[in-house]
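The structure's right below; bear with me while I get my questions together.
Nothing in this text is a laboratory measurement; each read-out follows from the coordinates by a stated rule. Since this is a predicted model, take the numbers as computed values, not measurements. Quick reminder, even Gly has a Cβ in these numbers, built from the backbone with ideal geometry, and neighbours come from all protein chains shown.
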Amino acid sequence: MEQEEDEISLVDLLVVLLKHWKMIVIVPVVVALAAGVYLFFKSTPKNEGPTETSLTLTINPLVKQFSGTVNLEDLISNYYLKDLDLLYQALKDVEIKHITSIELPPKSEEALYIVKSLLIDGKTPQNTVLTNDDKPYVIDNTNGVIRITVRFSDKDQSAQFLRLVTDAVKVKISDLLLPIAKKEVEDYEKLLNEGSKSASNLLQNSLAVRYPTYSSAQRYIQGDQIPIILSNPTTVKLPVTATSSKLILAVSILAALFFTVFLAFVLEAIENVRKDPEAMAKIRSALKKEPRAS
């Protein structure tokens, strides 16, 4: 008997669903169309949102001739990655107010802490470690090519920030290389002066070997040789809407489907109550107002 009652109840459920099948099908379709139109117009013309702006730089190989044992790639990477004052000053000059969704406070001490956390340490102010894809500032030094990437919402501000930071790094590199270049020129000219007084083959060979380094250092001092070769900043839009749009659309359709199924059973229950005279009598008596006392 229990199995028969279960079968009857399942049949009743199926009857209710078939009776209201148009509503169950049409409402989710309408919701899907409405959600699709909304997401299309919401995402297509959208210019704001996260962007990724990057530039690459390499060290001029002629400069490496006189830089000696200084690893310029590592040194430059450290300037970009660890110089907090340099990064903070560039953010102020460009008037960047937000990094990702975090607003920079007006007080410099608090702002410096946030800048250090996000750009240098790769963490949120709450000490959550960010993945490379989530970091707003990434430095990559591979095979002599340094790539600097920033992920700010405004691409113009991102490009300007990179230029300011790079200009500051170039000044630091120049301050480092200029004394080295001058020393190389002085040493060579001293050796050249000695060579003019001696016909030693060893000395003449040494002058010949060191001449390219001397020439490069001399040109650097004269301003005819750049230390860093830069690319132009390039910006790409980060794909932030594709996955979320699909998720929103799927949730909207499922929610509409569950709602219409629920509504179908509610309507069926209301219809059954209307057909039951005893139930309607109880409802009327409950709705009937009590007479006011005179």
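Using Cα centres only, tell me the gap between segment 262-276 and segment 128-165 in whole Å.
A separation of 61 Å, based on Cα centres.
Can you sort 26, 180, 59 by how many other beta carbons sit within 10 Å, fewest first? List each step's numbers first, then the result.
Details: 26 12, 180 16, 59 20.
So the residues, fewest neighbours to most, are 26, 180, 59.
On a full-extension model of 0.36 nm per residue, what is the gain between residue 249 and residue 70, subtracting their alpha-carbon distance, rounded to one decimal in nm?
My answer for the length gained is 58.8 nm.
Let me ask something else. Counting only residues 5 or more places away or on other chains, whose amide H sits under 5 Å from the amide H of residue 104 once H atoms are built in the peptide plane?
Hits under the 5 Å cutoff: 98, 99.
Going by how many other Cβ atoms sit within 10 Å of their own, how do 186, 278 line up, fewest first? The partial results should precede the final answer.
Working: 186 12, 278 8.
Listing 186, 278 from fewest to most nearby Cβ atoms yields 278, 186.
If amide H atoms are built 1.01 Å from N in the plane of the peptide, which residues on other chains or at least 5 residues away come under 5 Å of the amide H of residue 152?
51, 53
Right, something else. Lys/Arg Cβ at +1, Asp/Glu Cβ at -1, dipole of the chain taken about the Cα centre: which of 188, 136, 31 is farthest positive-ward?
188
Sticking with this structure for a sec: Quick check on the exposure proxy: order 184, 189, 109, 52 from fewest to most C-beta atoms within 10 angstrom.
Arranged by neighbour count, lowest to highest, 184, 189, 109, 52 become 109, 189, 52, 184.
Going down the list 92/237; 64/172; 97/135, which pairs span over 22 Å between their C-alpha atoms? Mind dumping the intermediate values first?
Working: 92/237 24 Å; 64/172 16 Å; 97/135 17 Å.
Checking Cα-Cα distances, 92/237 exceed 22 Å.
222 nm [θ] for the chain, helices only, -39500 (n - 2.57) per DSSP H run of 4+, per residue, to 500?
Calculated from helices alone, the mean residue ellipticity at 222 nm is -21000 deg cm²/dmol.
Kirkwood Rh over alpha-carbon pairs of segment 51-237, then Stokes-Einstein at 4 °C and 1.567 mPa s: what D in µm² s⁻¹, rounded to an integer?
Translational diffusion coefficient: 70 µm²/s.
When you count, for each residue, the other Cβ atoms within 10 Å and take the mean per peptide, how do 71-79, 214-222 rank with the highest first?
214-222, 71-79
Ok, one more. Helix hunt in the chain: which complete DSSP H runs extend at least 18 Å axially by C-alpha with mean Kyte-Doolittle at least -0.5?
2-19, 21-43, 155-195, 201-221, 242-275
OK, next. Taking just the C-alpha trace of segment 97-201, give me its Rg and Dmax in Å.
Gyration radius and largest Cα-Cα distance of segment 97-201: 22.3, 71 Å.
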